[in-house]
Amino acid sequence: MAVNIDWNNLGFDYLKTNVNIRYSFHNGQWSDMVVTDDEYIHMHMSTMCLHYGIEAFEGLKAFRGVDGKVRLFRVDENAKRLKASAEKLCMTPLPEDMFINAVIECVKRNIDFVPPYESGASLYIRPVIFSSKVTLGVHPGPDTDFIVFCSPVGPYFKGGMQAIKVMVDRFQDRAAPRGTGDIKAGGNYASSLLSGEKAVSMGYSNVMYLDAVERNYIEECGAANFFGIKGNTYVTPKSPSILPSITNKSLRAIAEDMGMTVEQRPVPVSELKEFDEAGACGTAAVISPIGMIFDVDTKEVVEYKAAPGPVSLALYNKLRDIQYGRAEDKFGWNTVVE
Ligand SMILES: *Cc1c(COP(=O)(O)O)cnc(C)c1O
């Protein structure tokens, strides 16, 4: 099937593809895989996910490589993380193999929507899991629905990496240490939207969130993890309320492989000025180099001369090369979809 899409002008928006893939857990068991072209969910108005936010999601990408093959990046990691999210929110966790099969099926059935290699675009895959129990009280139940759909999306950076400006703001905490910050719950986004909008209105890309106890340690950079480069060391914050980014995990592996030291530890805001380079990392951009950080409370400004700096650029290129099949997949991260 020929798909009529202007590959070079894609943004990050929902575009209808052929089908989406579903599983549902009702009457004590998971259904068989359902393949449907229905974009809608028929849902009772008293379903738990709507009222109590019992919902979690994932995000990953498939890339058409230099050799024309389509590769999924670290899908097993997303399967594990969605399972952890479901468990923490008292949903029925989806077995990892079912998750992987659903994602592969989704890519296969929508293979014409994987953008051509030259476009730099990719296929974004969005798995979502939610409680489909119908009740009024807050009682978790086993009834759970899982859907995976996809949409072709444009490259995050059009015409080279661009530095972002971020704002340290203590006005809202993204997540608390014993809360849900370490899982991909939609509620974490909902509870940090307001400060995010404030940052955008002041001309910043997003907020640098600090820990909710002391407001002294760096947590996340918007909806991305943070890292700093100090000489030959890759430093990234450690905290129970940070979402374990698969991109960050991959960058740490690449950094170690390049002979760098990797430190995962609490990172105080005061350390920002000691870094040579800084960046936000996640599936969307891999790395967003940070050019400037403004602390809205102390009015302190930290600037990074090189954004992207040479180390960030090397890490970025290495990861991209693996995703697009230009470098050997020495860590076994890719799943080829045929
Ligand atoms: C998804 C997400 C990230 C990035 O994770 P990746 O697996 O690298 O895409 C970082 N922080 C938050 C809060 C997220 O939800």
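Taking label points 7 Å from Cα along the Cα-to-Cβ direction, I100 and K69 give a separation of 1.6 nm. C90 contributes about 80 Å² of solvent-accessible surface, heavy atoms of the protein only, 1.4 Å probe.
Only helices enter the 222 nm calculation for the chain: every DSSP H run of n ≥ 4 contributes -39,500 (n - 2.57), and dividing by all residues gives -6500 deg cm²/dmol, rounded to 500. The magnitude of the dipole of the stretch 7-153, with charges of +1 and -1 set on the Cβ of Lys/Arg and Asp/Glu and taken from the Cα centre, is near 280 debye.
Within the stretch 143-180, the trypsin sites (Lys or Arg not before Pro) that combine a DSSP coil assignment with at most 14 other C-beta atoms in a 10 angstrom radius are K158, R178. Under the simplified labelling scheme, the Q264-K249 pair shows an inter-label distance of 0.9 nm, with each label point 7 Å from Cα along Cα→Cβ.
Between R178 and N232, the contour length at 0.36 nm per residue exceeds the Cα-Cα span by 16.1 nm. Cα centroids of the stretch 180-202 and the stretch 48-76: 20 Å apart.
Couplings 3J(HN,Hα) of the stretch 264-271, computed from phi: 10, 7, x, 10, x, 4, 5, 7 Hz, in residue order, whole Hz [Karplus 6.51 cos²θ - 1.76 cosθ + 1.60, θ = phi - 60°; x for Gly and Pro].
The portion of the accessible surface of the chain made up by carbon and sulfur, rounded to a whole percent, is 52 (1.4 Å probe; DNA, RNA and ligands excluded). Rounded to the nearest 0.05, the FRET efficiency derived from the C-beta distance between L50 and D257 at R0 = 41 Å is 0.35. In a fully extended conformation the segment linking F12 and F331 would gain 112.0 nm over its present Cα-Cα distance, using 0.36 nm per residue. Principal axis extents of the Cα atoms in the chain, from largest to smallest and rounded to whole angstrom, are 56, 52, 35. Mind running the shape call on the stretch 131-189? Use the C-alpha gyration tensor, a ≥ b ≥ c as the square roots of the eigenvalues: rounded below 1.5 for a/c, prolate if a/b tops b/c, oblate otherwise. Cα axes put the stretch 131-189 in the oblate bin. Sparsely packed loop sites in the stretch 215-319 (the trypsin sites (Lys or Arg not before Pro) outside DSSP H, G, I, E and B with at most 13 other Cβ atoms within 10 Å) comprise K238, K299, K305. Ordered from highest to lowest accessible area with the whole protein assembly present and a 1.4 Å probe, S201, S24 read as S201, S24.
Note on Y117: accessible area approximately 60 square angstrom, rounded to 10, probe 1.4 Å, nucleic acids and ligands left out.
The modelled label-to-label distance between D32 and N317, using points 7 Å beyond Cα along the C-beta direction, is 5.0 nm. The gain in end-to-end length when the K88 to I41 segment is fully stretched comes to 14.5 nm, 0.36 nm per residue minus the alpha carbon separation. Once the C-beta distance of E271 and H139 is scaled by a Förster radius of 41 Å, the resulting FRET efficiency is 0.35 to the nearest 0.05.
Solvent exposure of the chain, expressed per residue, is 45 Å² of accessible area, with all protein chains present and a 1.4 angstrom probe. Each Lys and Arg adds +1 at its Cβ and each Asp and Glu adds -1 at its Cβ; summed about the Cα centre, the chain shows a dipole of about 200 debye. The value obtained for the stretch 61-164, namely the Cα convex hull volume divided by the number of residues, is 138 Å³ per residue. Residues E118, E220, E214, sorted by accessible area with the largest first, give E118, E214, E220 [1.4 Å probe; ligands and nucleic acids excluded]. Structural descriptor for the stretch 122-196: relative contact order 25 percent, calculated from alpha carbon pairs under 8 angstrom and at least 6 residues apart.
Taking all Cα pairs closer than 8 Å and separated by 6 or more residues, the relative contact order of the chain comes to 19 percent.
The values are calculated or read from the model by the stated rules, or taken from the named source; none is laboratory data. A quick note: this is a predicted structure, and the numbers were derived from the prediction, not measured. Cβ: placed from backbone, ideal geometry, glycine included. Neighbour counts: every protein chain shown. Note: areas computed on protein heavy atoms with side chains; ligands, DNA, RNA excluded. Shrake-Rupley method; radii C 1.70, N 1.55, O 1.52, S 1.80 Å.
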